[in-house]
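Below is one structure, written out as structure tokens; comments come after it.
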Amino acid sequence: MYRRRPSFAGSFYTSDPADLRRQIETFISSASSDKKEIEGRLLGLICPHAGYIYSGQVAAHSYSYLSGIKDAVFVVIAPSHRARFDGASVIPEGIYETPIGEMSIDSEIGKILLEKDYFSYYSQIHEVEHSLEVQVPFIKFMSPDSSIVPVIVGDSDRTFTESVGSSIAEAVRESGKDAVIVISTDLSHYHSYDKAGEMDSAFINAVETFDEEKIINTIRSGRSEACGIAALLSGIAACRSLGATGIKIVNYANSGDVSGDRSQVVGYMAGVIYGK
């Protein structure tokens, strides 16, 4: 059985189980006190993927919405930072390890996806990617008995992301399981604090329209940046196919808010996707 062992514990987040639980619990407790209402049922989350010291509190604003979800499948869609490849890579079965416990990989949905267009399995791509790994401890903490489907996407072409999203939704429906789509993305990179705020605000406004063309256009125009645009578009397509009707961004910050260095910052947003 394949076991995906933590590659970034000790760098992007602590490898000490007790410390990691305390840190996530603190983040969630703070975020829960600022929780906003959503219209309809939860279908997806949008979460940042930097080191927890920088983006963990923002991520918690999304993950706080998992309170009460005990048994679900989390399809985690993340971008590839270290490998160039066409299509999407899904781990079809096995175990995903975290310092606070293991998560089962849903083999039913994973195997269905491997039969779809664009989907393959490249273990080496998953083993070197942080943007998906950093989501799993939050999921394990909030919904320990659930399972995950890890998906890394390598292309942001609109036809591709629509197909990936539709395939994920079809696989979820075929399985008959309750699913939450988790989308991993950061925003602008290495601009001044004020410039980042301007760019990220434009992107957040586009995302909240729930209109993929507006999201794409704000990137193409250079007015915004998002390293996980392929994951975001794929995840939105999946959620829309599963009945999503809107997106609410529930928190925003950048690395300058934590470090105090406002010369070159990275932007982070937390969002929820909801629907019928």
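Miscellaneous remarks
- Options 37, 25: the member that is touching a residue at least 24 places away in the same chain (Cβ under 8 Å) and more than 17 Å from the chain's Cα centre (by Cα): 25
- Spans of strands (runs of 3 or more DSSP E) in segment 185-276 with at least 1 residues under 19 Å from residue 75 (Cα atoms) and at pLDDT 95 or above: 244-254, 265-275
- Which listed residue, of 143, 147, is hydroxyl-bearing (Ser, Thr, Tyr), out of contact with any Lys or Arg (no Cβ under 8 Å at 6 or more places or on another chain) and either more than 14 Å from residue 8 (Cα to Cα) or buried (at least 17 other Cβ atoms within 10 Å of the Cβ) (or both): 147
- Within segment 226-249, the set of residues being more than 15 Å from residue 47 (Cα to Cα), surrounded by fewer than 24 Cβ atoms within 10 Å (Cβ to Cβ) and touching a strand residue (DSSP E or B) at 6+ places or on another chain (Cβ under 9 Å) comprises 240, 242, 243, 245, 246.
- Note on segment 16-39: among residues that are surrounded by 14 or more Cβ atoms within 10 Å (Cβ to Cβ) and small (Gly, Ala, Ser), the one that is modelled with the highest pLDDT is 31.
- All positions within segment 1-16 that are within 14 Å of residue 127 (Cβ to Cβ) and small (Gly, Ala, Ser): 7, 9
- Screening 83, 78, 72 for residues that are among the hydrophobic types (A, V, I, L, M, F, W, C) and either touching a Cys at 6+ places or on another chain (Cβ under 9 Å) or closer than 13 Å to residue 144 by Cα (or both) leaves exactly one candidate, 72.
The values are calculated or read from the model by the stated rules, or taken from the named source; none is laboratory data. Since we're looking at a predicted model, the values are computed, not measured. So basically every Cβ, Gly included, is an ideal-geometry build from the backbone, and we count neighbours across all protein chains shown.
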